[in-house]
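All remarks here apply to the structure that follows.
The values are calculated or read from the model by the stated rules, or taken from the named source; none is laboratory data. Just so we're clear, the structure is a prediction, and the values are computed from it rather than from any experiment. A quick note on method: Cβ atoms are made from the backbone with ideal geometry, for glycine too, and the neighbour counts reach across all protein chains shown. Each accessible area value is taken on the protein alone, full model and side chains, heavy atoms only, with ligands, DNA and RNA left out. Shrake-Rupley method; radii C 1.70, N 1.55, O 1.52, S 1.80 Å.
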Amino acid sequence: MKIRDILAAGKPTLSFEVFPPKTVDAYEPVERAACEIAKLKPAFMSVTYGAGGGTSRYTVDIADTIKGYGVTPLAHLTCVSSTREKVHQVLDELKSRGIENVLALRGDLPADGETPREYRYASQLIREIKESGDFCIGAACYPEGHVESANKSVDMDYLKEKVEAGCDFVTTQMFFDNSILYSYLYRIREKGITVPVIAGIMPVTNAKQISRITGMSGTYLPARFKAIVDRFGDNPAAMKQAGIAYATDQIIDLIANGVNGIHVYSMNKPDVAARIRENLSEIL
Ligand code: FAD
């Protein structure tokens, strides 16, 4: 099923995410985690794409496994470190497996400073996917601005370019303060971007995640969130419980305020996904 049709039903949707293994040895545990999450029957499940594309086969294979559970898969695809040939090879593979949804991304710039080869921006990839078949296309968006952007207004111009290139929905980078999302939604609609916006929620279940997250994306951490990490960061079980509760609280507030699309960065953790699902059992 196409995600745009799932979203068009206008009901709250909960989706989860898994990331593929880096090596074949790790394939089985990741596949098992994906199956456990699929059993929760989310609206869809996304499978990320390794930055260099070296693990693209795992993304497609895991997406296919998810489909086997009757859950709609969303395969991520990045382009900046790829070639046109590789991109089309992956698209052909997705088509042959009946995977209809692609999250089209640029990917992070190579750390070695090598300049992009055939693609510079996600909008180029979106145009190409659009011409390559009947895919439902999603893209990334950044309520706090992308780290490389000069400012949020410029970032929004480029988001509009991605939507005009043919994307059907956008998923946000994680955020920990819902008011950031609400003001972003206001600005996005004012800009004439009307596609559904899916809110990306990260349940932070261990203190180490925090420095990685903020280092990568510059995400704002509200005082309420910092207090939780300060108080429970040294106690893994308590941190996990508090992180799940914080994420649940964010989700309930979003749904109460009319944000129907909720995507949980569940990071191959079926227990975390299950607890969030359970916390929302009467709400969804
Ligand atoms: P773009 O939309 O191309 O934007 C990149 C930068 O270029 C932005 O600063 C933008 O403002 C600017 N820009 C865009 N168009 C133009 C233009 N025409 N001229 C000048 N500047 C322009 N990474 C992975 O490796 N694998 C994944 O599976 C993955 N999944 C993700 C899922 C989500 C929901 C999100 C939010 C991010 C994900 N990422 C993933 C990370 C993502 O690849 C990085 O954030 C990357 O740096 C930007 O990708 P993008 O598609 O947003 O790029």
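Brief remarks follow.
- Think of a 1.4 Å ball rolled over the protein heavy atoms: segment 3-279 then has 45 Å² of accessible area per residue.
- Taking Cβ atoms as reference points and 13 Å as the exclusive limit, the residues near ALA207 contribute a net charge of +3, counting Lys and Arg as +1 and Asp and Glu as -1.
- Fraction of accessible area attributable to carbon and sulfur, the chain (%, probe 1.4 Å): 51
- Surface accessible to a 1.4 Å probe, ASP157 within the full protein complex, Å²: 70
- Ranked order, GLU131, GLU118 - accessible area, probe 1.4 Å, largest first: GLU131, GLU118
- Accessible area (Å², 1.4 Å probe, nearest 10) - SER56: 10
- Cross-link partners of LYS95 among aspartates and glutamates (Cα-Cα below 19 Å; sequence separation of 8 or more within a chain): ASP5, ASP61, ASP64, GLU85, GLU128, GLU131, ASP134, ASP168
- Taking every protein chain into account, the 1.4 Å probe leaves ASP234 with about 150 Å² of accessible area, to the nearest ten.
- Relative contact order for segment 3-279: 20 percent, from Cα pairs under 8 Å spaced at least 6 residues apart, divided by residue count.
- From the Kirkwood radius over Cα pairs of segment 59-137, Stokes-Einstein at 25 °C and 0.890 mPa s returns a whole-number translational diffusion coefficient of 189 µm²/s.
- Among the listed pairs LYS2/LYS226; LYS22/LYS162; LYS22/LYS191; LYS11/LYS269; LYS22/LYS152, those beyond 31 Å (Cα-Cα): LYS2/LYS226; LYS22/LYS191; LYS22/LYS152
- Placing one equal scatterer on every Cα of segment 3-279 and applying the Debye formula, the log10 ratio I(q)/I(0) at q = 0.09, 0.13 Å⁻¹ is -0.39, -0.88.
- Residue ranges 33-46, 91-104 sort as 33-46, 91-104 when ordered by packing (mean number of other C-beta atoms within 10 Å per residue, highest first).
- Segment 191-258 and segment 1-33: distance between their alpha carbon centers, rounded to Å: 19
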